[in-house]
Amino acid sequence: MTLSIKKVQETAYLARIAMSEAELTRCHHEIEQIFTLIDQLQAVNTKGITPLAHPQASQQRTVADTVTESDQHEKFQALAPAKQLDYYLVPLVIE
Amino acid sequence: MHFKTLTELKLALHKKEISSHELVSHYLKRIERFNPQLNTFITVTGESALQEAQKADDLRARDPENAPPLLGLPMAHKDLFCTDGVKTSCGSKMLDNFIAPYDATVVTKCRDAGLITLGKTNMDEFAMGSSNENSFYGPVANPWNTEYVPGGSSGGSAAAVAAGLVPVSTGTDTGGSIRQPAALCGITGLKPTYGRVSRYGMTAFASSLDQGGPFGKSAEDVALLLNAMAGFDERDSTSLNVPAEDYTQHLNRSIAGLKIGLPKEYFKNMNAPMQKALDEALKVLEKLGATLVDISLPHADLAIPTYYVLAPAECSSNLSRFDGVRFGYRCENPRDLNDLYLRSRGEGFGTEVKRRILIGTYVLSAGYYEAYYLQAQKTRQLIKQDFDDAFKNVDVIASPTTPTPAFKIGEKVSDPVTMYQCDIYTLALNLAGLPGLSMPAGFIDGLPVGLQLMGHYMQESKLLNIAHQYQCHSDWHSQHPTAME
């Protein structure tokens, strides 16, 4: 398949990854090469094959809907790049 | 002392030939001496290790009967296992400032078994790589020749054991990241059955493929560490609820009568020195009574394309949590929230990680999901069925772990497709969720090569049994790099 640089740029935005022009050009070239590898899958006849999402076919076990963790927000928020009181600080979304 | 196995060191501690404090001090000195040239450790926790060693010696003196099985023995963790109060970087700028607020289950279990952590080892960023050149902290060197890569992504853990900086270490394997560096560094490494080892606190790359496992100089050491690491964990929804095993129990069992399958797809196009090394290793297994059987895994060629759809898809989802808001790297002076996300992720992730996130985002996006992601899930089923069929006729499958020995640092870094071929023999096992082991099987031009043993579900003991019997009749595993003495 042909993957345009515009498509790579759109995908980078979807993934919220900023890229310079030079980085985008290099990444586009490399991803095109990788897709020549991936495109081998298109030639495989998989009619009637059940997709396998996970090596464990068994059903997920369930747990009781009860609180098992204690409140450790101070410990976790100690890692925050910016915070105020008990809140994470981020730039304004709407001015 | 530093090239002794964990088993030998355990005995030396038990006989009081050495104290844990002396042992830990010795390894810390070696890390200080060799880490500048090997770059195996991102963080060294020397002070706490010495304190724990003193406690271990006190406990052994006070109550030797109730000492945990691996009391006072040193180890290291790959830097994607969370360690409470200690930096857990995943080899990424994104987490360079991240001090984990809790321990991974593997870390807790190793501590409960008495092991002492000397530090956190270098790795490819978020476990994405086959050469350990994708780390924010720089490449790791192979102890057998420091111009060469140690393999990846658990390259720091493997190189540290090979260089005698720790006797054992932990790694993770999403597409070969334990077995491939074990082969390239001349040590033994095991990727357990998916679900054997808890993933709680093990930073996720591709959740349906990731599995933690042990590195050691010998199969016996790997069995001892797996005893500590494995077991059911309520905190991991994919943890297998099966009874605990003693993986050392069957090490000395005869392997006479076992059928070892040799998949023709894994032996084609092999270079002559690699073929020679593997043939000699297989002859040893034959002499021990195993039968070699030619088999076929007809969809083996689909492993690389299938993996490079599914692993990036899962990675793009898992790594969306790194957004510069709650923890990790945040860009300077973001204009708005979108700019914060875009630049924090653009500046915080390295090239390979960004490339894989983009591939994953693309194959999961509207219009491409069926053609790529769903199709790869179907080819994954075909690959798994190949193994199911093969294990109806053989006990284990043997193959090369890698197509070649280690390559030079920088040789493949600008060509991702060539780099991805390094994992050609290891990826399929992760897609099927099966256990696999790599053990030293010789040298080519002074660089180690590995033989891979693949087993059916929950057959780790069988793999360890075969590897141990092989190691009782060969000495590749007991060789060490003379430059590291």
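Every number in this text was worked out from the coordinates using simple rules, so none of it is lab data. Remember, predicted model here, so these are calculated numbers, not experimental data. Cβ: placed from backbone, ideal geometry, glycine included. Neighbour counts: every protein chain shown.
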Between A:GLN33 and B:LYS15, the two model label points (7 Å from Cα along the beta-carbon direction) sit apart by a distance in nm of 5.4
With N denoting the number of residues in the protein assembly as shown, provide Rg(C-alpha) divided by 2.2 N^0.38 Å, to two decimal places. 0.94
Note on the protein assembly as shown, DSSP bridge orientation, antiparallel percent to nearest 5 equals 70
Return the sequence-ordered ³J(HN,Hα) values of the stretch B:327-338 in whole Hz as given by the Karplus equation 6.51 cos²θ - 1.76 cosθ + 1.60 applied to θ = phi - 60°, using x for Gly and Pro. 6, x, 5, 10, 5, 6, 6, x, 6, 8, 5, 5
Size of electric dipole in the protein assembly as shown: Cβ of Lys, Arg +1 and of Asp, Glu -1, about Cα centre, debye, nearest 20: 480
Take peptide B:360-371, look around each residue's Cβ out to 10 angstrom, count Cβ atoms belonging to other protein chains, and average those counts. 3
Mind checking the dipole of chain A: about its Cα centre, +1 per Lys or Arg Cβ, -1 per Asp or Glu Cβ, Debye to the nearest 20? 360
Globularity index of chain A, i.e. its alpha-carbon radius of gyration over 2.2 N^0.38 Å: 1.81
For the stretch B:55-66, Karplus-derived ³J(HN,Hα) couplings (6.51, -1.76, 1.60; θ = phi - 60°; whole Hz; x for glycine and proline) come out as 5, 5, 5, 5, 5, 5, 6, 7, 9, x, 5, 9
Which trypsin sites (Lys or Arg not before Pro) in the stretch B:231-313 sit in a loop by DSSP (not H, G, I, E or B) and have at most 15 other Cβ atoms within 10 Å of their own Cβ? B:ARG235, B:ARG253, B:LYS268
Could you tell me the extents of the stretch A:1-51's C-alpha atoms along the three principal axes, largest first, rounded to whole Å? 43, 20, 12
Can you give the average number of partner chain beta-carbon atoms within 10 Å of each beta-carbon in peptide B:314-325, as a whole number? 2
Which of the peptides B:211-221, B:90-100, B:134-144, A:61-71 is most tightly packed, and how do the rest follow, judged by the mean count of other Cβ atoms within 10 Å per residue? B:211-221, B:134-144, B:90-100, A:61-71
Along each principal axis, Cα extent of chain B, largest first, Å: 64, 53, 44
Starting at 0 and stepping by 10 Å, how many percent of the alpha carbon pairs of the stretch B:308-443 end up in each bin? 10, 27, 31, 22, 8, 2, 0
Distance in nm between label sites at B:HIS250 and A:VAL93, each 7 Å beyond Cα in the beta-carbon direction? 5.5
Other-chain or far-sequence residues with amide H under 5 Å of B:THR43's (modelled H): B:LYS120
Modelled label-to-label distance, B:GLU411 and B:ASN269, 7 Å Cα→beta-carbon offset: nm? 1.7
Enumerate the amide H contacts of B:GLY195 below 5 Å, restricted to partners 5 or more residues apart or on another chain; note that Pro and chain-start residues carry no placed amide H. none
For the stretch B:261-385, what number of Lys pairs, 8 or more residues apart or on separate chains, have alpha-carbon atoms under 21 Å from each other? 7
Starting from the amide H of B:VAL86, placed 1.01 Å from N in the peptide plane, find each other amide H under 5 Å away whose residue is 5 or more places distant or on another chain. B:ALA100
Along the positive direction of the dipole of the protein assembly as shown (beta-carbon charges: Lys, Arg +1; Asp, Glu -1; about the Cα centre), which of B:VAL106, B:PRO68, B:ASN142 reaches farthest? B:ASN142
Each residue of B:374-386 has, on average, a number of other protein chain C-beta atoms within 10 Å of its C-beta equal to 5
Taking a temperature of 25 °C and a viscosity of 0.890 mPa s, what whole-number D in µm²/s does Stokes-Einstein yield for the stretch B:1-149 with Rh from Kirkwood over alpha carbon pairs? 152
Under 11 Å from a point placed 7 Å out from the Cα of B:VAL242 along the Cα-to-Cβ direction: which residues of the stretch B:431-446 have their backbone N that close? B:434-435
Using helices alone, I'd like the mean residue ellipticity at 222 nm for the protein assembly as shown: each DSSP H run of four-plus residues gives -39500 (n - 2.57), total over residue count, nearest 500. -11000 deg cm²/dmol
Through the Karplus equation 6.51 cos²θ - 1.76 cosθ + 1.60, θ set to phi - 60°, convert the phi angles of the stretch B:448-453 into ³J(HN,Hα) values in whole Hz; use x for Gly and Pro. x, 10, x, 9, 9, 10
